[in-house]
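The values are calculated or read from the model by the stated rules, or taken from the named source; none is laboratory data. Worth saying up front: this structure is predicted, and the values here are computed from it rather than measured. All Cβ positions, glycine included, derive from the backbone under ideal geometry; neighbour counts span all protein chains shown. Ligands, DNA and RNA are stripped out before the accessible areas are found, and what is left, the full protein with its side chains, is counted by its heavy atoms. Shrake-Rupley method; radii C 1.70, N 1.55, O 1.52, S 1.80 Å.
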Amino acid sequence: MNKINLKNKFSISESLLYFEGTIIPFEEIEFCKCIGIGANGIVFEAKDINLDRKIAVKFWNNRGRSDFKKAQNEAKKLASVDHPYFAKIFSSGVKSGLFYITMEFVNGVNLKEYLFKEPITILQRFGLYWRYSNALDAIYKNEILHGDPHTGNVMVYESSFQTPKPISSKNSYPDALPINLGFKVLDLGSSSFWEDREKFTTLD
């Protein structure tokens with residue numbers, strides 16, 4: 001199935017979101033701008049009017065339109081994770097035939113861009129990957145598989161929360177990073193690895 005060009009399909013006018021020229025009816029959300037386009041969807045910065053806070057709204061691409069179950073399973077995986085290194089999901093639904101989620105807004109840059117632009121040391125790079133490996137370890141222990149782990153689906157940002165210094169020497173990698181550097185995994189992928197561990201077979 002051919003992918004659609006999502007950026008050309010969506011538009012924003014006076015805080016309202018349109019898909020192919022038809023308004024997508026969100027009563028309590030004001031849309032600001034597109035902040036990301038990936039292999040599986042498009043993400044907008046928006047405002048939750050009732051709670052007066054910024055949120056992100058993600059719509060799945062045509063694969064999500066034709067397979068709501070797969071898109072919903074990806075959303076359920078992320079919603080089931082309770083860990084500081086993962087973005088929180090607030091709600092999900094279907095509007096105008098498009099599956100969407102509302103989630104935590106993270107104001108930063110993706111890890112791929114950060115590693116390319118920022119003058120960081122090798123030790124600091126290890127610190128970032130230490131965080132990512134710990135995030136993945138946390139979900140794997142709960143039988144959740146990441147379908148597409150890469151630096152493009154991780155966000156780093158300035159945070160008012162200061163990361164505690166590690167207690168043991170074997171956890172020293174984060175000590176090389178700024179203590180106010182936030183780290184969030186934004187999705188868990190919808191590739192062929194999105195299914196549960198029980199779906200896999202082991203080669204002898």
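Numbers for the structure displayed
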quantity	calculated
Residues (in contact (Cβ under 8 Å) with a residue 60 or more places away in the chain, of a type in the set (Val, Ile, Thr) and more than 27 Å from residue 154 (Cα to Cα)) located in the stretch 10-55	22, 24
Any hit, the stretch 123-138, residues being among the hydroxyl-bearing types (Ser, Thr, Tyr) and within 19 Å of residue 17 (Cβ to Cβ)	no
Near pairs, Cβ below 7 angstrom, 6+ apart or cross-chain, from the stretch 137-156 (assigned to a helix (DSSP H, G or I)) to any residue that is open to solvent by 30 Å² or more (accessible area, probe 1.4 Å)	138/83; 151/110; 151/112; 152/110; 152/112; 153/186; 153/187
Residue, surrounded by the most Cβ atoms within 10 Å (Cβ to Cβ), within the stretch 78-102, restricted to residues that are in contact with a helix residue (DSSP H, G or I) (Cβ under 8 Å, 6 or more places away or on another chain) and in contact (Cβ under 8 Å) with a residue 40 or more places away in the chain	101
The lone exception for residue 81 - which of (1) in contact with a strand residue (DSSP E or B) (Cβ under 8 Å, 6 or more places away or on another chain); (2) modelled with pLDDT of 90 or more it fails	(1)
Residue that is farthest from the chain's Cα centre (by Cα) [pool: residues in the stretch 105-150 that are among the polar types (S, T, N, Q) and closer than 22 Å to residue 35 by Cα]	107
Single residue of the stretch 31-77 satisfying the filter (open to solvent by less than 20 Å² (accessible area, probe 1.4 Å) and of a type in the set (Gly, Ala, Ser)) that is nearest to residue 10 (Cα to Cα)	41
Selection within the stretch 129-155 - touching an Asp or Glu at 6+ places or on another chain (Cβ under 9 Å) and modelled with pLDDT of 85 or more	151, 152, 153
Residue under evaluation residue 23, criteria (1) within 21 Å of residue 10 (Cα to Cα); (2) under 13 Å from the mean Cα position of the chain (by Cα); (3) among the β-branched types (Val, Ile, Thr), criterion not met	(2)
Extreme residue, nearest to residue 187 (Cα to Cα), among residues of the stretch 103-124 that are of a type in the set (Asp, Glu) and open to solvent by 60 Å² or more (accessible area, probe 1.4 Å)	113
